[in-house]
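The values are calculated or read from the model by the stated rules, or taken from the named source; none is laboratory data. None of these values were measured; they are calculated from a predicted model. Reconstructed Cβ throughout: ideal geometry from the backbone, glycine too, with neighbour counts over all protein chains shown.
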Amino acid sequence: MTRSSVVVRSLVTALAALLAVVSASATAPAAPQPKAPSDFVALRSVDPTILQEIRYFTPHNFVGERIDGYQQPLCLLTRPAAEALHKAQAELVREGYTLKVYDCYRPQRAVDHFVRWAKDLDDQRMKAEFYPRVDKTRLFADGYIAEKSGHSRGSTMDLTIVRLPAGPTRPYVPGRPLVPCYAPKAERFPDNSVDMGTGFDCFDTLAHTDDPRIVGEQRANRQLLKRTLEGLGFVNLAEEWWHYTFKPEPYPDTYFDFPVSMKSLTSSP
C-alpha cells in the first residue's frame, strides 16, 4: 500500500469517527432540566391581578439582553410568599393601587450571567441608564453584583405599585438614547408605576429606601409599599426600595437553578 493510500484511509477513518460523534450528539436526548420543589407556584395562579413586567426576560435591564434561565416572562415564588403578596394586593387595591413585579425567583444561572457581565469591563452599553455614576469596576465592592442572590431561594421579589386604572408602559426599543435612572420621572424611561424617585435596578444611592434626598410624594410612595409589605411579613433590603423578602423563608439556605418556566413547576404537565 502506498503512503498516499495510508493517509487517505486515515483521513476517511477520522472523518467517519467525527460523523459518528456528531450524529450521536444530534440524536442524544437533552439533559433534563431541574424542577422546582412542589411548594413553588406561578404568582398568576395565586393572584392574576398583580401586574408582571419581568425585566430579565427582555433586553431592558442593566446587562442589555435577555438573562440566562428566563424562558418565560413569569413570576415564580414559594407559595407562602405568593399568598402573602395576594394579601398585600388586596390591601392596595382598596386604596386604588395594584402591585407590579419586575422579578421574582431568579435561577443561579441568571446570577452567573450577571457575574460574567460585571467582569467584562468593556461592556458598558446600558451604563447611561442603570449605573451612570458608578464605575463598573466597583460593582462587586459596592454590593450591586454578588455571586449569590436571595432571589434564588424563591421568596424574594422586586416590585412597585401602580395607580389604578393601570396604563400601559411604553415598550423598550434597543438603541434609543438612554436616560439616567435617577432623572425626573418625566425624563427617565417611562414606567406606569408611581414615582419612586428612581427607576427599577438603579445602581445609585438614591435607590436606598430611606435616602433623605427622597422627599414628598416619592417618599410617600416608597413608604406605602414598605408599610403594606412589612405588615405582612416582608423585609426590605435597605439599599433597594423595590427589593423584599418574605419571612420566614421555606428555603433559607438553598439556591435553586431551575429555569423560569411553567415546565419547572412539578405540578405542571
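Name every residue in the stretch 28-57 that is touching a Pro at 6+ places or on another chain (Cβ under 9 Å) and among the acidic types (D, E), in order of residue number.
Within the stretch 28-57, D39, E53 meet the criteria.
Can you pull out every residue in the stretch 213-239 that is more than 14 Å from H86 (Cα to Cα), among the polar types (S, T, N, Q) and in contact (Cβ under 8 Å) with a residue 40 or more places away in the chain?
Across the stretch 213-239, the qualifying residue is only N221.
Among the residues of the stretch 122-132, write down those that are more than 10 Å from G64 (Cα to Cα) and surrounded by fewer than 13 Cβ atoms within 10 Å (Cβ to Cβ).
Of everything in the stretch 122-132, just one residue is more than 10 Å from G64 (Cα to Cα) and surrounded by fewer than 13 Cβ atoms within 10 Å (Cβ to Cβ), namely D122.
Quick check on my filter: what residues within the stretch 158-184 are assigned to a loop (DSSP other than H, G, I, E, B) and either hydroxyl-bearing (S, T, Y) or under 17 Å from V101 (Cβ atoms) (or both)?
Scanning the stretch 158-184 gives L164, A166, P168, T169, Y172, Y182.
Being surrounded by fewer than 16 Cβ atoms within 10 Å (Cβ to Cβ) and closer than 13 Å to H60 by Cα narrows it down to one of P168, P177, so name that one.
P177
Give the stretch 189-212 a look and list any residue that's without any contact (Cβ under 8 Å) to a residue 24 or more places away in the chain and either surrounded by 22 or more Cβ atoms within 10 Å (Cβ to Cβ) or closer than 19 Å to A166 by Cβ (or both), or say none.
P190
All but one of (1) basic (K, R); (2) farther than 29 Å from A36 by Cβ; (3) under 20 Å from the mean Cα position of the chain (by Cα) hold for K185, so report the exception by its number.
Just one mismatch for K185, condition (3).
For the stretch 73-87, which residues satisfy the criterion of being buried (at least 21 other Cβ atoms within 10 Å of the Cβ) and acidic (D, E)?
Result: no residue meets the conditions.
Do the conditions hold for V46, that is, is it modelled with pLDDT of 95 or more, within 17 Å of the chain's Cα centre (by Cα) and surrounded by 10 or more Cβ atoms within 10 Å (Cβ to Cβ)?
no
Considering the stretch 135-151 alone, what residues qualify as being touching a Leu at 6+ places or on another chain (Cβ under 9 Å) and of a type in the set (A, V, I, L, M)?
Listed by number, the list holds a single entry, I145.
Please pick out the residue among E187, E217 that is out of contact with any strand residue (DSSP E or B) (no Cβ under 8 Å at 6 or more places or on another chain), of a type in the set (D, E), modelled with pLDDT of 95 or more and closer than 23 Å to T98 by Cβ.
Criteria check complete, one pass: E217.
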